[in-house]
Structure formats: structure tokens, C-alpha cells
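This report refers to the structure that appears directly beneath it.
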There are 2 protein chains.
Amino acid sequence: MGMEKYNEDDNSEYLYGPEILQKLDFNKSPAKFNPPISATKPGEDWMVVRPLQRADYNKGFLQLLSQLTSTGNISRKQFDERFTQMKSSGGYYVTVIEDKRISKIIGAATLTIEQKFIHNCSVRGRLEDVVVNDTYRGKQLGKLIVVTVSLLAEELGCYKMSLDCKDKLIKFYESLGYKLEPGNSNAMNMRFEEPS
Amino acid sequence: MGMEKYNEDDNSEYLYGPEILQKLDFNKSPAKFNPPISATKPGEDWMVVRPLQRADYNKGFLQLLSQLTSTGNISRKQFDERFTQMKSSGGYYVTVIEDKRISKIIGAATLTIEQKFIHNCSVRGRLEDVVVNDTYRGKQLGKLIVVTVSLLAEELGCYKMSLDCKDKLIKFYESLGYKLEPGNSNAMNMRFEEPS
């Protein structure tokens with residue numbers, strides 16, 4: 001059991017350095033916030049936008065993700081291993097919103113950074129796994145978390161940021177500066193059977 | 001100049017272990033090859049399908065990529081650094097076809113593996129940067145390289161493999177098993193200005 005013990009220091013470990021979130025200029029985004037909010041001033045003093053921490057296993061991060069799709073029954077050990085793998089690979093910017101009054105994760109989005117040879121060995125960002133607890137409706141949290149990771153992609157030097165989405169979300173993402181490029185906006189998938 | 005010298009051993013270094021390509025079962029793919037070919041039997045004895053090697057800097061790999069989009073003027077040092085970064089991050093499966101008669105790369109596709117928390121800490125594959133030298137038309141090389149990395153994604157345990165494409169390529173990818181999922185097949189992008 002000693003192997004699965006985590007002390008306070010482990011728990012507060014961030015997936016990426018939080019200081020970069022201080023640098024994001026929300027005036028650069030075409031998104032309109034009313035009232036104006038940002039990653040550093042998310043609108044309520046009990047709210048914080050920050051990188052994923054190990055402690056978030058116990059703050060409902062996976063329960064929030066399960067509102068998006070199936071997550072399975074992920075143990076603390078599995079979570080911890082994936083966290084460690086993401087951190088050592090680099091390029092994973094899982095970003096969350098916490099309600100500090102109740103120590104719960106109420107929003108999340110992931111930016112992944114893909115290394116390329118094209119465009120002078122550039123990097124491309126992708127937006128993944130966006131989810132907001134819908135009991136917090138009206139607080140612009142969806143917009144806040146997506147704009148945060150989109151500005152982060154630019155700050156990290158991406159030449160573009162990409163996402164796949166359902167028809168009903170097109171207008172939302174357009175309002176944040178994303179475009180369907182004419183003749184070049186098809187997302188296709190091949191699904192593999194789960195190993196039995 | 002000593003810093004930029006590469007010996008034969010460095011040059012033959014693979015981005016990922018080539019043995020996994022031996023395991024791919026081309027009968028699992030819905031793609032129809034006529035005549036039948038595969039990664040291990042690409043149809044001509046002067047052709048080989050393999051992981052990217054450092055030597056490919058001198059075998060026209062970047063010139064081939066530049067048929068796809070701008071690559072810029074990438075030095076040997078930049079190429080080598082990106083190769084090293086991809087290898088140490090893990091999850092980058094740049095795969096090429098070489099014409100051994102002339103030591104030239106004539107086809108390439110990249111599989112990237114994205115680590116997830118969802119689906120029980122699963123992994124998702126993405127197809128990127130597919131390009132084939134069009135003077136080799138009729139040899140099914142586009143199909144060959146895409147099916148190779150698609151089977152590789154399944155072999156590596158991905159729950160799905162995704163790609164973005166232009167309208168004119170939809171039929172091609174459908175013939176290889178990719179689908180536009182109704183109501184959920186939009187690829188959107190935000191492009192950032194190059195730093196000046």
C-alpha cells in the first residue's frame with residue numbers, strides 16, 4: 001500500500017507550469033465576454049483557472065469528464081500513471097476550472113501540442129475534451145476554458161489550433177475565432193473494436 | 001562543424017522500432033489492393049516501407065513534404081533536433097516508403113498517438129501529413145502508406161483513428177474504412193499569425 005500513498009506535495013503537482021496562464025491576453029481573442037472575464041479573473045473569487053493537478057483525482061475531474069463520454073473506472077494508480085506519462089511526454093495542457101468553495105472541478109479542456117516537420121519544424125495545437133458542469137450555466141465557463149487554451153496555443157507558438165465538433169457547436173466555436181475552411185473541413189474517423 | 005557531423009550509426013537510427021510493421025495484418029483492412037500488397041511486400045523489390053530514419057534528411061524526405069505544404073528551409077541540425085524531440089516524447093510514428101534504387105523517399109504519412117484520460121486512459125490516433133510522389137502513380141502507394149499507419153494505430157491500442165481532409169479526398173478515405181459521422185464531422189481551425 002505504501003506505493004499508492006501520495007503526500008500533499010505530490011497532490012499539488014501541476015501537469016504544466018501555471019505561470020504561463022498569467023501571460024494570456026484575453027483582448028487578443030475575438031470572443032465577447034459580458035461581463036469581461038479572463039483566466040486570471042474568472043468572474044468569481046471562488047473560481048480558479050489552472051493546470052490539472054494530481055489532487056484533481058479527488059476533486060471530481062474524472063466524474064466531470066464522464067459527462068462527455070465514457071471514462072471507465074479509473075483507479076488512482078491509473079490516473080497517476082497517465083498524469084506522469086503526459087508530463088514526461090510534454091505537449092499536454094489539460095486545463096481546469098475549480099470551484100474552491102467545494103473543491104470540485106467544474107470545467108476542463110485539453111490543448112495538445114503536436115510537433116511537426118512542416119512549416120519550419122512548427123507545432124500545431126488541438127482542442128480536446130471540453131466539458132463544463134452545466135449547473136454553472138450563465139457564467140461563460142465554456143467560453144472561458146476554450147479561449148484560455150486557444151490563447152495558450154498561440155503563446156506556445158502554434159501556427160494553428162484545430163478542433164473537431166458536432167454541428168450544433170459550430171456557431172459557438174465561430175464566435176471564438178474558429179473557422180470551417182471551405183472545401184477542407186471534414187473530420188473522419190475509423191473506430192477500432194475494443195480488445196476482448 | 002564537429003557538432004554537425006553524423007556517423008553511419010546515427011544515420012540509420014529509426015524514429016520507432018521497425019519490427020512492429022511486420023505484425024500488421026493487411027487482411028484486416030477494408031481497403032482493396034489490386035494486386036495485393038502490404039507494408040512487408042510493397043509490390044516491388046526496390047521498395048521498402050519503414051519508420052523515418054535520420055538519414056532521410058539526405059533522401060529527400062523534406063522535399064517530398066514540401067509537395068504538401070511549405071516546409072521552410074530546414075537545416076540538418078533542426079531536422080535532427082525535431083527527430084530527437086519526437087523520439088523522446090514518444091507517440092510519433094512517421095512512416096515512409098523509400099525507392100532503394102535511388103535512395104529517395106517517395107511516400108510518407110504520420111501517425112500521432114494522443115494519450116487520454118477518457119475511455120479508461122485510452123489512446124487516440126491521428127493521421128497527418130500524407131504525401132506520395134506522383135511520378136509513382138498506379139503503384140497504390142497512397143493506399144499503402146495510409147493503411148500501414150491505420151493498422152499501426154490499431155496495433156498500438158487506439159480506440160479510434162482520426163483525420164481531417166479536403167472534400168475531394170473523402171471517397172478515398174471511405175474506401176479505407178474512414179467515416180464521416182453524421183452530425184459530428186466538422187474540422188475547424190484557428191490560424192495564428194507568424195511572429196514577425
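The values are calculated or read from the model by the stated rules, or taken from the named source; none is laboratory data. What you see is a predicted model, and the numbers here were worked out from it, not measured in a lab. Note that each Cβ is placed from the backbone with ideal geometry, even for glycine, and that neighbours are counted across all protein chains shown.
Which count do you get for residues in the range A:94-107 that are within 14 Å of another protein chain (Cβ to nearest Cβ) and touching a helix residue (DSSP H, G or I) at 6+ places or on another chain (Cβ under 6 Å)?
Adding up the residues that qualify gives 2.
Has the range A:69-77 got any residue that is away from every other protein chain (no Cβ under 11 Å) and surrounded by fewer than 17 Cβ atoms within 10 Å (Cβ to Cβ)?
yes
From A:K5, A:K23, grab the single residue that is surrounded by fewer than 17 Cβ atoms within 10 Å (Cβ to Cβ) and at pLDDT 95 or above.
The unique qualifying residue is A:K23.
Output the number of the condition that A:Y92 fails; it satisfies all remaining conditions of (1) surrounded by fewer than 22 Cβ atoms within 10 Å (Cβ to Cβ); (2) within 26 Å of A:Q63 (Cα to Cα).
It is condition (1) that A:Y92 fails.
When both residues are 6+ apart or on different chains and their Cβ atoms are under 9 Å apart, which pairs have a first residue that lies in the range B:53-68 and is more than 20 Å from B:K87 (Cα to Cα), and a second that is assigned to a helix (DSSP H, G or I) and not hydrophobic (A, V, I, L, M, F, W, C)?
Hits for this filter: B:Q67/B:D134.
Kindly indicate the residue of the range B:113-135 that is at the interface with another protein chain (Cβ under 7 Å from one of its Cβ atoms) and free of Cβ contacts under 8 Å to residues at least 60 places away in the same chain and also surrounded by the most Cβ atoms within 10 Å (Cβ to Cβ) among those meeting that condition.
Across the range B:113-135, the extreme among qualifying residues is B:F117.
Residue by residue, here is whether (1) closer than 23 Å to A:E193 by Cβ; (2) touching a residue at least 24 places away in the same chain (Cβ under 8 Å); (3) more than 7 Å from every other protein chain (Cβ to nearest Cβ) holds:
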| position | (1), (2), (3) |
| --- | --- |
| B:A153 | yes, yes, yes |
| B:L156 | yes, yes, yes |
| B:D164 | no, no, no |
| B:I170 | no, no, no |
| B:Y173 | yes, yes, no |
| B:E181 | yes, no, no |
| B:N189 | no, no, no |
| B:F192 | no, no, no |
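Which of the following residues is at positive phi and within 11 Å of chain B (Cβ to nearest Cβ): A:G90, A:G138?
After applying the criteria, what remains is A:G90.
Output the number of residues of the range A:27-46 satisfying the condition of being within 19 Å of A:E98 (Cβ to Cβ) and either in contact (Cβ under 8 Å) with a residue 12 or more places away in the chain or among the hydroxyl-bearing types (S, T, Y) (or both).
8
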